[in-house]
Amino acid sequence: MSHASVEPAEAPTLPVTPRGEVSATLLDVLLRGADPGTLENLGRAAGARTTDAVRDDDVQLSLFLLYALSYGTFDQLGAEHEWSPELVRLRTDLEKAFEAALREQVLVPPAPEPRVSAVADALFTLTAEPSGPSLAKFVARRASHEQIIEMLVQRSVYTLREADPHTWAVPRLTGRAKAALVEIQADEYGGGHPDRVHQHIYAATLRGTGLSAEYGAYVDHVPAITLASFNLMSMFGLNRRFLGAIVGHLAAYEMTASIPCRLYADGMRRHGMPEEVTHYFDEHVEADAVHEQIAARDLAGALAEDRPELTADIMFGAAACLAVDGAMGDHMLRAWKAGESSLLRPLAHDVAA
């Protein structure tokens, strides 16, 4: 009996280009079935080699791919890899390097008394508008159409998954803090209305400017610091030991979003962008003004009061959020003021025009 020949199935692909030995080897394992044993010691070696894990392209892309296994970000990455011992070890080693760099770079204020009012006051002091250059002000007043498009691309890595990293904390909280987090997240997920889910609203923003709303479409375009912004909250959310940090991160994020969102929308309207594009940012002006009070008092303050041992971690998470997101904004501002693109690779001409 004759049998028709069967062509071997092609390995799945991702819109991702390796940025070093670790990410190249990892992609071989995830997409082409290479032996996971080839990853042994790569994470530790990368941590020892890098001078700054926060801005290391290979470290941050590798962490992004490893976290994608838990989020289910890419269908091409099989669920069977999520708890592979070799991949978990790699992630742990890379996280150690990432955390060590954060601990070295982030200036964390002293922990306040573990009382609601004291923690909220400390967070409001920490998140007070800085006197230095502001990305949002630049967008509102000076950014070109092309630069606004770049800003939307940079933000897409997190915003198309908005709220998901912080949701990992829900089962780990109890009482007042749990209720506060669920209240915030319910708004982020549209309050039961699919068309109001913030991820979906941002997708409409991207489509309205001619950009792709497919998650991960622009991973190859963004620098390590942009991946680090998303990886930071993923690391905090996925590791139970960072419970205080993910709460602090969300508090700082919510407390610094309302005014910048208004300025981003102003910059878009300056270029005649329609409501379909500005709606995401307009929506956040009011929503985040409410969320910041809940996050500072009912979430972070209540958690500190109920679990005083987490107070220092809450402040670390908040300070890390401001530091990494601030570095991402600084990267864009420096590039634009130098007349350069903030992206690693140019966008298609018909999109950026």
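The values are calculated or read from the model by the stated rules, or taken from the named source; none is laboratory data. Please read these numbers as outputs of a predicted model, since none were measured by experiment. As a convention, Cβ positions derive from the backbone with ideal geometry for all residues, glycine included, and neighbour counts pool all protein chains shown. Keep in mind that these areas ignore ligands, DNA and RNA; they rest on the heavy atoms of the full protein, side chains included. Shrake-Rupley method; radii C 1.70, N 1.55, O 1.52, S 1.80 Å.
Could you pull the Cα extents of region 152-220 along its three principal axes, largest to smallest, in whole Å?
Each principal axis gives a Cα extent; for region 152-220 these are 44, 26, 13 Å.
For region 212-353, what class follows from the C-alpha gyration tensor (a ≥ b ≥ c being the square roots of its eigenvalues): rounded when a/c is under 1.5, otherwise prolate if a/b is larger than b/c, else oblate? Spell out each step's value before the answer.
Working: a/c = 2.41, a/b = 1.61, b/c = 1.50.
Note, shape of region 212-353 comes out prolate.
Below 8 Å between Cα atoms, with a sequence gap of 6+, how large is the relative contact order for region 202-292 in percent? Working shown, then result.
On the way: 59 pairs, mean separation 31.1, N = 91.
It rounds to 34 percent for region 202-292.
When Rg/Rh (Cα atoms, Kirkwood Rh) is calculated directly from the model, which label among [x] 0.94; [y] 0.98; [z] 1.01 fits?
Of the labelled values, this structure produces [y].
Can you give me the C-alpha center-to-center distance between region 171-211 and region 259-322, rounded to a whole angstrom?
After rounding, the separation between the Cα centres reads 12 Å.
Report the GluC sites (Glu not before Pro) located in region 197-291 that are in a DSSP loop and have at most 13 other Cβ atoms inside 10 Å of their Cβ, or state none.
Glu214
How much accessible area per residue does region 58-209 have, counting only protein heavy atoms and a probe of 1.4 Å, in square angstrom?
With all protein chains present, region 58-209 gives 44 Å² per residue.
So what are the ³J(HN,Hα) numbers for region 192-205, from phi and the Karplus equation (6.51, -1.76, 1.60; θ = phi - 60°), rounded to whole Hz, Gly and Pro as x?
So the Karplus estimates, Gly and Pro as x, are x, 10, x, 6, 9, 4, 4, 4, 6, 5, 5, 4, 5, 4 Hz.
With all protein chains present, how much of the accessible area of region 194-353 (probe radius 1.4 Å) comes from carbon and sulfur, to the nearest whole percent?
Details: 3000 of 5910 Å².
Of all accessible area on region 194-353, carbon and sulfur atoms account for 51 percent.
Read phi for every residue in region 288-293 and hand back ³J(HN,Hα) as whole Hz from Karplus 6.51 cos²θ - 1.76 cosθ + 1.60, θ = phi - 60°, with x for Gly and Pro.
6, 5, 6, 4, 4, 5
Among Leu310, Val290, Pro260, which residue has its Cα positioned farthest towards the positive end of the charge dipole of region 241-353, with +1 placed on the Cβ of Lys and Arg, -1 on the Cβ of Asp and Glu, and the dipole taken about the Cα centre?
The one lying farthest along the dipole's positive direction is Pro260.
Using Cα-Cα distances under 8 Å and only pairs 6 or more residues apart, what relative contact order does region 35-142 have, in percent? Working shown, then result.
Details: 59 pairs, mean separation 30.8, N = 108.
Once divided by the residue count of region 35-142, the mean separation gives 29 percent.
So what is the orientation-averaged projected area of region 1-111, using the convex hull of its C-alpha atoms, in nm²?
Working: hull surface 38.3 nm².
Computing the convex hull of the Cα atoms and averaging its projections yields 9.6 nm².
Applying the Karplus parametrisation 6.51 cos²θ - 1.76 cosθ + 1.60 with θ = phi - 60° to the phi angles of region 112-126, what ³J(HN,Hα) value in whole Hz is obtained for each residue in order, glycine and proline being reported as x?
x, 4, x, 10, 3, 5, 5, 5, 4, 4, 5, 5, 5, 5, 5
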